[in-house]
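Reading through the structure tokens given below for one structure.
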Amino acid sequence: MNARIFPLLLLPVTASAQGFAGLGADSDGFSTPQEPAIFDFPSDHGPHDDYRIEWWYLTANLEAEDGTPYGLQWTLFRSALTPNGGEGWSSPQFWMGHAAVTTTDEHFVTERLARGGIGQAGVTAEPFEAWIDDWQLTGLDFDTLQMTASGPDFAYDMALNAQGPIVFHGADGYSVKSAAGQASYYYSQPFYDIQGTLSLPDGDVAVRGQAWLDREWSSQPLSDDQTGWDWFSLSLGDGKLMGFRLRQTDGTFYTSATWIEPDGVTTAYPDGAFDAQPLSRVSVAGRSVPTQWRVTLPDRGVDVTVQAINDAAWMDTSVPYWEGPVTVTGTHDGVGYLEMTGYE
């Protein structure tokens, strides 16, 4: 059996419903987030092997010189298969990389799988380097990065420069995900300027735009009655908005949001303050998926329509989900990204 595929067979069966690695599964033996959240940089840009699940998640809204829109994703997931550590081939760490480019007509996606302990994938904090095989997200620090990835029919090479501070979600980085108290540590760098080259089947395209990098780790970020989430990162004229709703088996939702001022000052919003309601659905990969939404945050006067630039932005990966760039119109205009997991 291929050593790189084997760890997937060990993932909990809830993975396909809950996004990745059974996020509502038991956390026994692993560390769990605690309040108050205390961060140590640059160390916390690196991995936290005593937690079960972690990711480095970058999305970007791009434009070509003629104004044509594109979207880009680079993600590295780490999952610990057991709470007990080991070196080399006995490492319990499993790594998964996703890369995608979205156009108005096409969605290119590819995946890499690797085991920990043998150099196939990993993250170091200083200097910062995240990699899986030949994909890289690297820099002397977290503010200035180079990013590469490639698949069978696309590649990209990008430079990123932060224009604002790191921001923290929830209670100073302690992000509650359910009424039962499940939580993660969660911070973002939403202020990257990004530019570089997309290599697509029709040729190379020079692009520039803005990127958003999420860092999150936990051991049980969902409760066992939650089936997936709808997550929005929106760049608007007078600020940025991160908001999500977690879908629960009884038909209700748990929500959370962060409003980010242009200077990086944040306001955290608890369950119920943020709302996202589907306006229309499409059939994607045999699933009914909402790709147009009404998103509201009344405290900030936000009442917008969020529309995918390509309804078919399905991530046909080992754990499938929808991820793609969106436009924003209404009380605020802008661009952003939408991720939806758990649709069957």
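Ranking I118, S223, F168 by how far each Cα lies toward the positive end of the dipole of the chain (charges on Cβ) leaves S223 at the top.
For segment 176-258, averaging the sequence separation of C-alpha pairs within contact (under 8 Å, six or more residues apart) and dividing by the residue count gives a relative contact order of 26 percent. A straight chain from S283 to D263 at 0.36 nm per residue would run longer than the Cα-Cα distance by 3.2 nm. List residues of segment 310-344, by number, whose backbone nitrogen lies under 15 Å from a label position 7 Å along Cα→C-beta of D303. Counting only backbone N, you get 329-333.
Inter-part distance, segment 56-113 to segment 198-269, computed on C-alpha centroids, equals 15 Å. What you get for the chain, charging only the Cβ of Lys and Arg (+1) and of Asp and Glu (-1), is a dipole of about 680 debye around the Cα centre. Shown is the FRET efficiency for A180 and D66, computed with R0 = 45 Å from the Cβ-Cβ distance and rounded to the nearest 0.05: 0.35.
Backbone N atoms of segment 102-123 closer than 13 Å to the 7 Å Cα→Cβ label point of D133 belong to residues 109-115, 120-121. Ranked by the mean number of other Cβ atoms within 10 Å per residue, highest first, peptides 261-270, 184-193 order as 184-193, 261-270. The mean sequence separation of alpha-carbon pairs under 8 Å and at least six residues apart, normalised by the residue count of segment 40-340, gives a relative contact order of 15 percent.
Local charge for A276 was computed over the other residues whose Cβ lies under 11 Å away, with Lys and Arg +1 and Asp and Glu -1, and equals +1. Our coupling estimate for segment 313-321, obtained by passing each phi through the Karplus curve with A = 6.51, B = -1.76, C = 1.60 and θ = phi - 60°, is 7, 8, 8, 7, 10, 4, 10, x, 6 Hz, Gly and Pro reported as x. Packing, as the average of other Cβ atoms within 10 Å across residues, places the peptides 307-314, 295-302 in the order 307-314, 295-302, highest first. Helix-only arithmetic for the chain: the sum of -39500 (n - 2.57) across DSSP H runs with n ≥ 4, divided by the residue total, places the mean residue ellipticity at 222 nm at -500 deg cm²/dmol.
Ranked by the mean number of other Cβ atoms within 10 Å of their residues, highest first, the peptides 101-113, 51-63 come out as 51-63, 101-113.
What is the sum of charges, Lys and Arg at +1 and Asp and Glu at -1, for the other residues whose Cβ falls under 14 Å from the Cβ of T267? For residues surrounding T267, the net value is -3.
Just so you know, all these numbers are worked out from the coordinates, no wet-lab data involved. Since the model is a prediction, treat every value here as computed from it, not as a measurement. When we count neighbours, we look across all protein chains shown, and the Cβ atoms used for this are built from the backbone with ideal geometry, even at glycine.
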